[in-house]
Structure formats: C-alpha cells, structure tokens
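Just below is one structure, and these are the notes that go with it.
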Amino acid sequence: MTRIIVVTSGKGGVGKTTCSANLGMALAQRDRRVAVIDADFGLRNLDLLLGLENRIVYTAFDLLAGDCRLEQALVKDKRQPNLALLPAAQNRSKESITPEQMQELVNQIVANEWDYILIDCPAGIEMGFKNAIAAAKEAIVVTTPEISAVRDADRVIGLLEANGIKDMRLIVNRLRPAMVQEEQMMSVQDVQDILAIPLLGVIPDDERVIVSTNRGEPLVLEKKLSLAGIAFGNVARRLEGETVPFLDLNAPHDDLFARLRRFLRG
Ligand code: ADP
Ligand code: MG
C-alpha cells in the first residue's frame, strides 16, 4: 500500500518544500521507497532543495505526454537511492496540469510499488492547490506560528475536508521558543487550539535550514544532526506510527543536547 500524502499550507514561504525534502529523505533513510512530486508547477524548487536540479532530463509533463517512462522521469537521489523526485516543468503555468493528470501520475507511481508519495503543494487555494490535492489520501498541513499563516492553514483544512481528505496532521515550523516564552509568538498549543488537528511535529527556526536549502542537502543528512534535523527525523517516525515525545525546545540547548544524546544512544 502506497501512502499518498500532500504537504500543504495555504500561505507561501512557510516551509512546505523544506518539509517535503527533509521528510522524504528521512523516510528514505528508514528504508522506505519515497517518491516526491513537485506539484508547484509555477515555482518549482524541490529539485534545488534536494540538490537534484542538474540531473533533471524529463518532467512530469513528458511522462504524461508519453515521451518517457516513469523510471526515466524519476530522478534518483545519488546519496539515497530510496528517494526519487518527479520534477515539475519550470516554464508552465500552474494551471497546466489537471486533477486527472495528477491522479494519472500518482497511479503510475503506485503501480511501481513505492511506499510513499509526497506531493509538494504550491501556495494558495486555487487550481494549483486543487490539482496537488486531487490524488492525496492524507495531508500534512504546515504552518508557522503567525496569525496569517494559521488563518490560511485553517482555510486549507476546511478545503481538504470538503475534498474528502480527513487524515490531516500538523507541522508547526519556524518556532522560536524564546519568543514564545516572552509571549511574542504563538505557542504550539495556541496553534493547535485554533486548527484542531493532530500534531505531527514542531520544527525550530534554525538558520541551518537556510544553509541546507542553499546547499541542496536536506538537514537529515547531516552527520552531526541539528535540532531541526532531529525534529524532521521524529516527524518521519511519527508518520510511521511510532510514539515519539516532542522535543522540549524551551530547555537550554546544552541540556537538550545532552539529553538527546542519551536518548539516541538508547
Ligand atoms: P514553501 O515551500 O512553503 O514556500 P519553503 O520550504 O520554500 O516554503 O521555505 C521558505 C523559506 O523559509 C526558505 O528560504 C527556507 O530555507 C526557510 N525556512 C523554512 N523552514 C525554516 C526553519 N525551520 N528555519 C529557518 N528557515 C526556514
Ligand atoms: Mg514550496
């Protein structure tokens, strides 16, 4: 059974692509075969985050047109052969793929027996969004702890429900614990109270995320994992049904790292 999960948010720039890349890589590290689909046909950048931009020959459109086979369109990650990307074409408008075509792409990957399909959704709630969610059975809703992002996430949750996607989970990204403590930022609890869907993960705001974006190396590949990298790994474990306690992002970092090391050693 292939799990088909759309990563969505409503608002742009909150971390959908970052989550898709890191979660895809983290699941692949757990020996799952993961295909990530870049459904942001207007502003593709999942290829950049995964460092695969130079290896794209065919795109989803070539596959739909019958100009290549699935194995040719899927760009395999060199570092992690369990992970592959189905790229979007860069110069097409967001409207240029239909929900039926998205379903067709997903069907082909399902027939190829991948464990996960992660669909990186564009911002907004227009056609691009509708196409991206068309074939999904589950959703990961990403938001930052900002009122505008949470409001958009709330609308998206309503639309997902209306489209029959009931299995939704929340990632709160870019949390800054110090700001929460000073009551300058919404807490995870505040966000959860508003959105009322189960929490899948909390990712701290961390400049290493930006560095990793620029290098095309997902954080979960780091030898010495950062807190954000660990948090993404935990998201993958929870997605697979493990019960993993949420990191206490408020603890002083030294403490936290000492405890984490003990925890990871087992
Ligand atoms: P979206 O796909 O929702 O538009 P992206 O994943 O492209 O968002 O992220 C937008 C920007 O925010 C990127 O520059 C990314 O590096 C940065 N970013 C995302 N998550 C974090 C984080 N946890 N800490 C710091 N920067 C982040
Ligand atoms: Mg994106």
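Using a 1.4 Å probe on the protein chains only, how many percent of the accessible area of the chain belongs to carbon and sulfur? Numbers along the way, then the final one.
Working: 5810 of 12380 Å².
Of all accessible area on the chain, carbon and sulfur atoms account for 47 percent.
Short-range pairs are left out: with C-alpha atoms under 8 Å and at least six residues apart, the relative contact order of the stretch 3-265 is 24 percent. Using a Debye calculation, one point per C-alpha and no hydration shell, please list log10 I(q)/I(0) for the chain at q = 0.08, 0.16, 0.17 Å⁻¹ in order. With one equal scatterer per Cα and no solvent, log10 I(q)/I(0) is -0.29, -1.21, -1.37. Note on the chain: GNM, Cα springs under 10 Å; of 103, 181, 80, the largest mean-square fluctuation is that of 181. Residues in the stretch 72-79 carry Karplus couplings, in order, of 7, 6, 6, 8, 6, 6, 5, 6 Hz; the curve used is 6.51 cos²θ - 1.76 cosθ + 1.60 with θ = phi - 60°, and Gly or Pro positions show x.
Hey, rough spin-label estimate for residue 192 and residue 30, points 7 angstrom out along Cα→Cβ, what's it come to in nanometres? Result for the modelled spin labels: 1.9 nm. The protection proxy used here, the mean number of other Cβ atoms lying within 10 Å of each residue, ranks peptides 11-19, 220-228 as follows, highest first: 11-19, 220-228.
Sort 38, 248 by accessible area with a 1.4 Å probe, largest first.
Output order, biggest surface exposure first: 248, 38.
Multiplying the residue separation of residue 76 and residue 89 by 0.36 nm and subtracting their alpha-carbon distance yields 3.0 nm. Extension gain for the segment residue 151 to residue 1, taken as residue separation times 0.36 nm less the Cα-Cα distance, is 50.7 nm to one decimal. Comparing 81, 122, 204 in a Gaussian network model of the chain (Cα springs below 10 Å), the most mobile by mean-square fluctuation is 81. Shown for the chain are the DSSP H helices of 15 Å or more along their axis, judged by Cα atoms, with a mean Kyte-Doolittle hydropathy of at least 0.5: 147-162, 227-239.
So with the 1.4 Å probe, I'd like the accessible area per residue for the chain, rounded to whole Å².
On the way: 12380 Å² over 266 residues.
Result: 47 Å² per residue.
The values are calculated or read from the model by the stated rules, or taken from the named source; none is laboratory data. Since this is a predicted model, take the numbers as computed values, not measurements. Please note: Cβ atoms are built from the backbone with ideal geometry, for glycine as well, and neighbour counts cover all protein chains shown. Surface accessibility is based on the protein's heavy atoms, side chains included, excluding ligands, DNA and RNA. Shrake-Rupley method; radii C 1.70, N 1.55, O 1.52, S 1.80 Å.
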